[in-house]
Amino acid sequence: MKRKMTRVIAMMLAAAMALGGCSSVGSSGGSVESDSAGAEHEAITDLVLAKVATSELATFNLLSSETSADTQYLTNIWDGLLEVDNYGELAPCIAEDWGSEDGGLTWTFTLRDNVTWVDVDGNEKAPCNAQDFLTGLEWILNYHKNDSANTSMPMEMIDGAEEYYEYTKNLTQEEAYALDAGEDSVFRQMVQVEAPDDYTLVYHCITEKPYFDTVAAYSCLYPLAQGLVDELGVDGIKSMNNENMWYNGCYTMTSYIQGNEKVFTKNPAYWDTDCTLFDTVTIKMVESNDVAYQLYQAGEIDEVSLTESNVMTISKDESNPYHDQMVEWPADFRSYQFHFNYDKRNEDRTPDTNWNTAIANEAFRLSWYYGLDLTDFYSRTNAINPLSCENNFYSMPGLLYTSDGTDYTELVRQDLGLPEENGETMVRLDADLAAQYKQQAIDELTALGVTFPVSIDYYIAGSNQASLDSANVLAQCFSDSLGDDYVKLNIKTYISSATQEVYDPKLQSINISGWGADYGDPQNYLGQETYGNDTAYYTRTLSNVNDLVEDETNQALLDAYKEYTSLVEAADAIHENLDDRYEAFAEAEAYLIRHALTIPNYYNVGWMLTKINPYSKMKAMFGIQNNKMKNWETSVDGYTSEEMAVFEETYNDRAAE
């Protein structure tokens, strides 16, 4: 209830700001169009956006990527079976019709016949048909081609997928590279996916998967043109770039300067001739949001997220030209958590025994859970309404509902015994329990040789001043909440790649990371933390719990992970009744949080200046389409807080219908 009330308060604050205006000198205007609330605006034809340099894409191969840093761009140049609309509902994409007649055991997708692959200049290369989806899935499941990326969903759902993955894993690289998805291939013999004709796909699931169609909005079921594989070869696909890849999406990327700028140009052969696209979209890579704000002030970009200092400066000065245009953006689709590294290494690669012993202790983790007040840290994202960022769950509200309309996370809240949010203080805080667990941790860990304060190594991009400011606030939260005698946050930096410089060598103590659902089921969230699972993203890449030795220090931690994993597996075995399935997953999620194996952190709800109506964007609670620049409503003059409040009200009214 609190979240709804605080958003209303924010709307009232925004709507109360005096009317004014600040037009852009950089946006290219087009025809006058009516927005979703019925008002007329001159639309932008050539959009310009800024992205922080740390979100630069690492690959042009969508099938091998598991990060939003890549998919936020690639979703605009590569289409899949389905997409979503601005209300989060599945919508046709390359598949114009789909369904299951046996409760989710078999799924049939009928493809449209007017989708083509084009080169960077928009020249047509080949039709996009059912064979391309088979080629794409073979690539995903071929260990040597795709290095296990995006394998978890097809292996868990599609009959024969895991067997094919294991088959390729035991081949030599040369043997695996030679495989394809042709008519008489081993892939077709093992993996139960059919292409009875060029425009029909039939997937056979291991068991009933009533949510399988939501997977069709994620990259693991995306197509790959066999003609492109023939043209570039396997290694060429792995290293392809914007100039030699093929496109079937809204745009082609006609210019790419790494770390600097990328230009998207409307695809002249795009199948959806009724949609609204920009002529061009230019992405400028910047060091920080402070730089982006300067570009917005200069009229060089069309949207900017505001920092804490920006928000306070603008909101307190009625004469500020942006005072009436500052708007709170809708919560995105990610739930952010603290992720602990249970097998941390020092810079010389020796084990960080002090940290590893401490974090394996449940009382130590629970002292954080009940004691760490992050309100000031939330203010870095939302200075006006910080507790709108409060997160008490691992999964994301709005993703799933029971048959009576109850949000899945409400089941988790009830299982945890948490009170409803009140808008005044963080819900999970309990000073008495925090003190109790802190003393218990000190007693238990001192006996094991741990010295206090326990050092927490936290890494940020070295060139990002905003990240440094946020890290300093986070350090103060630890100091104020838990005490300098107990823990100390050490802010450390990496140069360009957190994965290569920090996470692969296991140097971090904690990481704050957000997960957005790949498909519409709790398993996609909770499966990422399961023990002994090669496809579990967080246990594989950040927590490193699979690498722990079962000794006296780690036994209780590993027992908790094993019990959590068994709860997830038991929930995933329930298929016939979704309410029962969600109840079982809620029990598993509550267990994960109750034992503080990870700690929920925040939701991304902040303030911005924008010439884009955020309620016209795709609202993908699963899949990869949130940044797909299609059917966006825009205004060259920007939107006021009052207009945005009307958009939100109109949107909510239509969503409730």
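The values are calculated or read from the model by the stated rules, or taken from the named source; none is laboratory data. These numbers were taken from a predicted model, which means no experiment stands behind them. As a convention, Cβ positions derive from the backbone with ideal geometry for all residues, glycine included, and neighbour counts pool all protein chains shown. These accessible areas exclude ligands, DNA and RNA; they are computed on the full protein's heavy atoms, side chains included. Shrake-Rupley method; radii C 1.70, N 1.55, O 1.52, S 1.80 Å.
Tabulated values for the structure
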{"read-out": "Segment 393-538: C-alpha gyration tensor shape, a/c 1.5 cut-off, then a/b vs b/c", "value": "oblate"}
{"read-out": "Reach of Lys262 by Cα under 16 Å, taken over aspartates and glutamates that are not fewer than 8 positions away in the same chain", "value": "Asp46, Glu56, Asp70, Asp121, Glu243, Asp279, Glu287, Glu300, Asp302"}
{"read-out": "Global geometry of segment 107-174, whether rounded, prolate or oblate, following the gyration tensor of its Cα atoms and the 1.5 cut on a/c", "value": "oblate"}
{"read-out": "Antiparallel DSSP beta bridges within segment 382-536, percent to nearest 5", "value": "10"}
{"read-out": "Estimated [θ] at 222 nm from DSSP helical runs (n ≥ 4, -39500 (n - 2.57)) normalised by residues in the chain, nearest 500", "value": "-10000 deg cm²/dmol"}
{"read-out": "Backbone HN-Hα couplings from phi across segment 398-408 [Karplus 6.51/-1.76/1.60, Hz, Gly and Pro as x]", "value": "x, 7, 9, 9, 6, 5, 9, x, 6, 5, 3"}
{"read-out": "Cβ crowding within 10 Å averaged over residues, with 99-112, 384-397 ranked highest first", "value": "384-397, 99-112"}
{"read-out": "Relative contact order [Cα under 8 Å, 6+ residues apart], segment 178-269, whole percent", "value": "11"}
{"read-out": "Accessible-area composition of the chain, carbon plus sulfur, in percent [1.4 Å probe]", "value": "45"}
{"read-out": "Potential extension, Gln189-Asp485 segment - 0.36 nm per residue separation minus Cα distance", "value": "100.3 nm"}
{"read-out": "Exceeding the 27 Å Cα-Cα cut-off - candidates Lys316/Lys611; Lys284/Lys617; Lys284/Lys488; Lys51/Lys488", "value": "Lys284/Lys488; Lys51/Lys488"}
{"read-out": "Distance-filtered residues of segment 474-495 - backbone nitrogen under 18 Å, label point 7 angstrom along Glu347 Cα→Cβ", "value": "489-495"}
{"read-out": "Part-to-part distance (alpha-carbon centres) for segment 467-513 and segment 131-205, which is given in Å", "value": "40"}
{"read-out": "Amide H contacts of Ala126 (H built 1.01 Å from N, under 5 Å, at least 5 apart or other chain)", "value": "Trp117"}
{"read-out": "Antiparallel DSSP beta bridges within the chain, percent to nearest 5", "value": "75"}
{"read-out": "Cut-off 11 Å between beta-carbons: net charge of the residues surrounding Tyr459, Lys and Arg +1, Asp and Glu -1", "value": "-1"}
{"read-out": "Set of lysines near Lys492 by C-alpha distance (under 20 Å), chain-local residues within fewer than 8 positions excluded", "value": "Lys344, Lys506"}
{"read-out": "Two-site label geometry, Tyr401 and Arg112: point separation in nm, points 7 Å out along Cα→Cβ", "value": "2.8"}
{"read-out": "In order through segment 337-354: 3J(HN,Hα) via Karplus (6.51 cos²θ - 1.76 cosθ + 1.60), integer Hz, x for Gly, Pro", "value": "9, 7, 10, 8, 9, 8, 9, 6, 10, 7, 5, 8, 6, 7, x, 8, 4, 4"}
{"read-out": "Largest-first ordering by accessible area, 1.4 Å probe, given options Val549, Val291, Val234", "value": "Val549, Val291, Val234"}
{"read-out": "Euclidean distance of C-alpha centroids, segment 261-292 and segment 451-465, integer Å", "value": "36"}
{"read-out": "Amide proton proximity set for Ala50, modelled H, under 5 Å, gap of 5+", "value": "Lys284, Asp302, Glu303"}
{"read-out": "Segment 407-447 versus segment 534-595: alpha-carbon centroid distance in Å", "value": "20"}
{"read-out": "Probe 1.4 Å, accessible area per residue of the chain, Å²", "value": "38"}
{"read-out": "Segment 430-510 shape via C-alpha gyration tensor axes, a/c threshold 1.5", "value": "oblate"}
{"read-out": "Descending principal axes extents, the chain, alpha-carbon based, whole Å", "value": "68, 66, 51"}
{"read-out": "Relative contact order of the chain, pairs being alpha-carbon contacts under 8 Å that are 6 or more residues apart, as %", "value": "22"}
{"read-out": "Length-normalised contact order for segment 111-155 - Cα pairs under 8 Å, 6+ apart - percent", "value": "22"}
{"read-out": "Amide H partners (placed H, <5 Å) of Asp518, local residues excluded", "value": "Gly623"}
